[in-house]
Amino acid sequence: MNKTLGIDLGTTFCAVSYIENGNAVVIPNSFGNLSTPSVLWTDNDSIYAGEDAARKKQQIPANAIEYIKREIGKPLGSDPGEYSKTIWGEKHASDELSAVLLYKLVQDANKWLKQNKGFTTQDVIITVPAYFNDLQRHSTKLAGELAGLNVKDIINEPTAAAISHSISQNNKSLIKVFDLGGGTFDTTLMQCYADGSIEVFISDGDYMLGGKNWDENLKEYIIDELKDNGVSESAFNFVAQQKILDIARASKIELSSKEQIIIKIPADVVGKEMSFNFTRQEFNLRSTVLLQQCKAKCNNVIEKAKRERNVLGWNDVDKFVLVGGSSRMPMIQNLVKTFYSGNIVTGDFDLAISKGAAFYSIHSDKVKDVSPKALGLAVRQNGNDKIYVMIERDKLLPVNFEQEFTAPEKTELRIVQGDEGQKGTLASVFDYKEIGRIKLNNSLKMQVKINYKYSKGGMLEVSAKDQSGNEKSYIVNPALNNNGADDIQSKRNRVNQLVKKMKSLA
């Protein structure tokens, strides 16, 4: 029996699976449910995670911490591009909060495994959006380690979904995965073979596009309706807006099975009870921009496949797999039909990714994935920054590339990651984001060999060797902040303090 857990660490919901007798089994949480809300909730001296937190949130919404996945990879702080939540007077970064959620997920899973199968495990494989950059990937891995887990690998969510759907097939097929979750969107084209092996061709996506955008869209509609019916702007405080967001989310789900609904606003939300009709057609029209963003990403993948792979167009795709809870919306399935007329597969929206991650633990040798982002080196020449592309986006992993540069004295080599660019050429500075630096401390101008290595799971290592043979390496890890092991230990201490005060309602 394989004892590695496959964890779908979702923006709004999570799931945990393991392999038994060659099949992926989803493990129920402490309430007996197969998916767990990605929520934390705190009061003055206790913290709740998962379904416990979601139930507490119904009483006091303001104490909930949600959508942590959208913040993963951001450094601790309050400036734009940073993130923190204060709990009991201490600031916590997104990786620490994710660690608490992961701790709870595995705690529940191990309780069930111990009672029903007689074993427990700390070995896990965690899924991430294919479009996550290196900072986000390393932060996710660190979150697992802070939770006391042995993170054996990181795997892309659409790849996991494809593994889940193709593991038992006995024919070669070109699969397109459309993964619209609660907070992120991925679309990936991959070749599946009769022996169960998978080769990813191309991925695209947006980690800030997901069901939450539809929720916010509907929330704004409800607020506008309330204002049109005389509700004052002052009524829409934080608690009221959270309650309206919950109503919007519930209305979105109801519209997946009904053509028309009545949206009811209780008196405790904005001071008076109200209700109004809302149709699926109206919701579809309000979602036009979001749908266009999804369609554009899908078309981008096919257009790139035409240029770089032996793919002629949509007619070459044998199967279009819809995963992610937000793909349940009829408008998504109707959207796909506007550009794809083949076999659309639905059904296992919430659990396919977790199952695929569990399958990966015994079939990793059959999976070939690609680099999620292009990697480069920022070099300052004649007062201007130049980006040298080292590894292209969508290159088959693992891959490494070495190039020699002339480094000015006391150089800091800036490691950057972006979306486009061909290896060995210059790319636009504006298309790349700095993800790390190597300080050479060279007193004279010298030749330096830079090596970029992308692991099979899309994790980056960089090393620099000067002409004297001195070598410096850099493993991207946003948690370190140049403080090394001390900072990791302080993070672990903060996580331990939180989990010590974790309570359960089950």
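Brief remarks follow.
- Trypsin sites (Lys or Arg not before Pro) within the range 53-86, DSSP loop, no more than 16 other Cβ atoms inside 10 Å: none
- Of the two radii for the range 12-146, the radius of gyration is 0.98 times the Kirkwood radius, both from the alpha carbons; that is the Rg over Rh value.
- Residue order, fewest to most surrounding Cβ atoms within 10 angstrom, among Ser197, Ser326: Ser197, Ser326
- Structure-based [θ]222 nm, the chain - -39500 (n - 2.57) summed over DSSP H runs of at least 4, per residue, nearest 500: -10000 deg cm²/dmol
- Ranking of Thr187, Thr42 by count of other Cβ atoms within 10 Å, fewest first: Thr42, Thr187
- Proportion of all alpha-carbon pairs of the chain beyond 30 Å (%): 51
- Cα gyration tensor category, rounded, prolate or oblate, for the range 259-410 with a/c compared to 1.5: prolate
- For the range 259-298, the list of GluC sites (Glu not before Pro) that fall in a loop by DSSP and count at most 11 other C-beta atoms within 10 angstrom reads Glu259, Glu273.
- Relative contact order of the range 374-469, defined on C-alpha pairs under 8 angstrom at six or more residues apart (%): 31
- Which of Phe349, Ala160, Ala248, positive extreme of dipole for the chain (C-beta unit charges): Ala160
- For the range 135-272, the fraction of alpha-carbon pairs lying more than 17 Å apart is 71 percent, rounded to a whole number.
- When the trypsin sites (Lys or Arg not before Pro) in the range 109-196 are filtered for DSSP coil states and for at most 16 other beta-carbon atoms within 10 Å of their beta-carbon, the remaining sites are Lys117, Lys172.
- Principal-axis tilt of helix 288-308 within the chain, Cα atoms, nearest 10 degrees: 30
- Normalised alpha carbon radius of gyration of the range 374-469 [divisor 2.2 N^0.38 Å]: 1.03
- Taking every C-alpha pair closer than 8 Å and separated by at least 6 residues, the mean separation divided by the residue count of the chain gives a relative contact order of 16 percent.
- With neighbour counts taken as other beta-carbon atoms within 10 Å, the residues Asp206, Asp108 rank, fewest first, as Asp206, Asp108.
Each reported figure results from applying straightforward, stated rules to the coordinates on display, with no laboratory input. Since the model is a prediction, treat every value here as computed from it, not as a measurement. Don't worry about glycine lacking a Cβ; one is built from the backbone with ideal geometry, like all the others, and counts go over all protein chains shown.
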